[in-house]
1. Where in region 79-123 are there trypsin sites (Lys or Arg not before Pro) that are in a DSSP coil and have at most 11 other Cβ atoms within 10 angstrom of their Cβ?
2. Classify region 79-131 as rounded, prolate or oblate from the Cα gyration tensor: take a ≥ b ≥ c as the square roots of its eigenvalues, call it rounded if a/c is under 1.5, otherwise prolate when a/b beats b/c and oblate if not.
3. Whose amide H sits under 5 Å from the amide H of W52, counting only residues 5 or more places off or on another chain, with H placed in the peptide plane?
4. Quick one: which of K83/K104; K83/K138; K82/K104; K78/K120; K82/K138; K51/K139 span more than 26 angstrom between C-alpha atoms?
5. So what are the ³J(HN,Hα) numbers for region 56-66, from phi and the Karplus equation (6.51, -1.76, 1.60; θ = phi - 60°), rounded to whole Hz, Gly and Pro as x?
6. Given labels modelled 7 Å from the Cα in the Cβ direction, how far is it in nm from N146 to N57?
7. Checking the cross-link filter: which aspartates and glutamates have an alpha carbon closer than 12 Å to that of K75, excluding same-chain neighbours under 8 positions apart?
8. Could you order C60, C71 by accessible surface area, starting with the largest, using a probe radius of 1.4 Å?
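The values are calculated or read from the model by the stated rules, or taken from the named source; none is laboratory data. Everything quoted here is computed from the prediction, not taken from an experiment. Using ideal geometry, Cβ is built from the backbone for each residue, glycine included, and neighbour counts are taken over all protein chains shown. Ligands, DNA and RNA are stripped out before the accessible areas are found, and what is left, the full protein with its side chains, is counted by its heavy atoms. Shrake-Rupley method; radii C 1.70, N 1.55, O 1.52, S 1.80 Å.
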Amino acid sequence: MRLGNLLILTALALSAQDSKFSGPSDANPPVSEGDILIVRRAREILNSPAKWNRADNRECPATQRTYSLYCALEKATKEVSKKFEHRGAAIQEARFAIDQVLAKGNHYEHRLMDYNNDPKTTFADVQKFFTLIEERIKKRLATQSNQ
């Protein structure tokens, strides 16, 4: 009985620790105009190599001065929508762009963090990343409007 309780408590503790990162990795919520604003704001936040954090750990303290792709998107989402969702449309579209275009075949465990930290990723790639995400969101928005 004690072992069973211990296992349940351990599972609950682990679940609570990782709740920020919960949800299916292939979640594909509908996009909105707000998602375009999020991507544009993230691009502004990460607008120079000096502001780029090449060693992302998915921790985004309010006091940080350099930003990974993940943290730029998190900060932009909080500023634009006042609420961050780990599986929100803009950040999910970013993950899909990495999987399908930017790093196809790499099979990163944490797509945004691993692409950001990949030594092959350049600042030019970071800028391309934001452009690609915005284009993909605009395309999805047009498709959603036609349905």
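1. Sparse-neighbourhood loop trypsin sites (Lys or Arg not before Pro): K82, K83, K104, K120.
2. Verdict is prolate for region 79-131.
3. The list, which skips near neighbours in sequence, is Y67.
4. Those over the limit are K83/K104; K82/K104; K78/K120; K51/K139.
5. For region 56-66, the Karplus curve yields 5, 10, 6, 9, 10, x, 4, 8, 5, 10, 10 Hz.
6. Between N146 and N57, the simple spin-label model gives 4.6 nm.
7. Counting by Cα, and skipping residues close in sequence, K75 has these aspartates and glutamates nearby: E44, E59, E85.
8. C60, C71
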